[in-house]
Amino acid sequence: MIAITRGQCEVEFDGRFELCHLPKALTLAQQSELAVGDRLRLIRRPSGELVVSQVLPRWSRLSRPDPLLVHRERVLAANLDLAIVVTALRKPALATGLLDRFLVALAHGGVPAAVVVNKYDLAEADERADPELARLAPYRALAIPFLFTSVKTGRGIPDLLALLAGKTVVFVGHSGVGKSSLLGALAPELDVRVGEVSTLNSRGRHTTTRARIYRLPGDTRIIDTPGIREFGLWQLSRAELAGYFEEFGPLSQSCRFNDCSHSHEPNCAVRDAAENGTLDRGRYETYLRIFESLDAER
Ligand code: GDP
Ligand code: ZN
């Protein structure tokens with residue numbers, strides 16, 4: 001399913017695009033039950049029109065709390081194979097805290113992530129003396145793909161294309177880091193599908209905004225729907241959080257308590273490592289900030 005309007009959605013199958021009706025229950029629950037990227041089971045009525053009969057289980061999702069009903073999940077996109085977290089050197093200044101938050105939220109939604117650092121043309125001539133590059137060291141050490149790109153010089157664009165090949169992908173990141181520019185560089189001749197997505201505005205009325213599915217050669221799809229570039233954390237528990245900081249894993253085996261939260265306990269190997277510099281202090285501080293922001297009982 002590639003786009004939703006009120007009461008209808010646009011589906012792609014066998015290389016064709018068709019409009020499909022939504023049963024009433026799905027229309028009402030639309031933003032949690034149905035999202036761009038969902039796989040559907042359809043029935044064709046005798047009149048010839050298609051109706052959604054079932055939304056199939058999702059293997060990954062990006063969600064955020066509904067702005068009107070905070071306990072309600074709004075799924076922004078489903079069944080993503082990869083999310084590219086885009087950051088930039090210098091303009092705007094590298095925001096590692098935000099990068100950490102994106103990585104946590106993606107891991108929580110089961111979406112594999114990759115880090116792209118764009119605007120590499122703004123790196124200092126002597127790369128070893130560049131403080132922003134130095135701050136990226138902990139991310140280069142993570143198990144996920146890491147790429148430098150520059151839309152200006154073309155650096156890294158072929159590698160990025162290879163990383164996306166055959167996948168359904170989303171680009172996330174702060175505004176101004178170059179997401180639109182990267183899309184343009186990846187596919188100068190975009191075969192752009194433009195759909196309409198119905199969302200609720202602050203007064204609870206339906207407004208129509210655009211969702212785009214960019215299709216690149218090689219069966220790559222890039223989903224760009226409203227809100228997806230800067231989504232938030234959805235229903236994360238304190239107990240789950242540390243699991244999303246992969247480098248904490250081996251250290252935490254040496255914590256005194258095996259249910260150590262790495263926040264206040266004595267003899268915490270994670271905190272010790274952050275203090276003596278074997279663990280990146282910035283990553284640990286983001287962990288603590290997110291930890292404090294989560295409800296203790298959840
Ligand atoms: P978005 O908000 O993430 O979609 O960012 P845009 O694609 O709109 O880019 C923001 C600004 O950064 C624009 O002025 C771009 O021309 C500029 N920009 C994008 N990529 C690069 C790059 O690789 N190097 C430099 N120097 N500027 C870039
Ligand atoms: Zn600990």
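Throughout, read-outs are computed from the coordinates displayed, never taken from laboratory work. Please read these numbers as outputs of a predicted model, since none were measured by experiment. Every residue, glycine among them, receives a Cβ derived from its backbone with ideal geometry; neighbour counts consider all protein chains shown.
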Checklist entry - Taking the condition crowded, with 19+ Cβ neighbours inside 10 Å and not polar (S, T, N, Q), does G37 pass? => result yes
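Kindly evaluate D100 against the criterion of being surrounded by fewer than 18 Cβ atoms within 10 Å (Cβ to Cβ) and not aromatic (F, W, Y). Can you show your working first?
On the way: surrounded by fewer than 18 Cβ atoms within 10 Å (Cβ to Cβ): no; not aromatic (F, W, Y): yes.
The answer is no for D100.
Checking the structure you have, find out if any residue of the stretch 75-89 is among the hydroxyl-bearing types (S, T, Y) and closer than 30 Å to P131 by Cα. Step through it out loud before you land on a result.
Step one: of the stretch 75-89, the residues among the hydroxyl-bearing types (S, T, Y) are 87.
So of that shortlist, the ones also closer than 30 Å to P131 by Cα come out as 87.
Within the stretch 75-89, one or more residues are among the hydroxyl-bearing types (S, T, Y) and closer than 30 Å to P131 by Cα.
What number of residues within the stretch 263-293 satisfy the criterion of being within 26 Å of the chain's Cα centre (by Cα) and more than 13 Å from R101 (Cα to Cα)? Give the derivation first.
Residues of the stretch 263-293 within 26 Å of the chain's Cα centre (by Cα): 279-293.
Checking the rest, the ones that are also more than 13 Å from R101 (Cα to Cα) come to 279-281, 292.
Qualifying residue count for the region: 4.
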Next on the checklist: Need pairs with beta-carbon distance below 8 Å; first residue surrounded by fewer than 16 Cβ atoms within 10 Å (Cβ to Cβ) and within the stretch 112-134, second part of a strand (DSSP E or B); sequence gap 6+ or separate chains.
Outcome noted: P112/L82; P112/A83; L122/A88
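If you take the residues in the stretch 135-171 that are hydrophobic (A, V, I, L, M, F, W, C) and assigned to a strand (DSSP E or B), which one is surrounded by the fewest Cβ atoms within 10 Å (Cβ to Cβ)?
Pass one, the stretch 135-171, residues hydrophobic (A, V, I, L, M, F, W, C): 136-137, 141-144, 146-148, 151, 157, 160-165, 169-171.
When the remaining residues are screened for being assigned to a strand (DSSP E or B), the result is 146-148, 169-171.
Values: F146: 14, L147: 18, F148: 20, V169: 23, V170: 26, F171: 24.
Ranking the qualifying residues of the stretch 135-171, first place goes to F146.
Would you call V75 of a type in the set (V, I, T) and in contact with a Ser or Thr (Cβ under 6 Å, 6 or more places away or on another chain)? So that I can check it myself, show each step before the final result.
Numbers: of a type in the set (V, I, T): yes; in contact with a Ser or Thr (Cβ under 6 Å, 6 or more places away or on another chain): yes.
Against the criterion (of a type in the set (V, I, T) and in contact with a Ser or Thr (Cβ under 6 Å, 6 or more places away or on another chain)), V75 qualifies.
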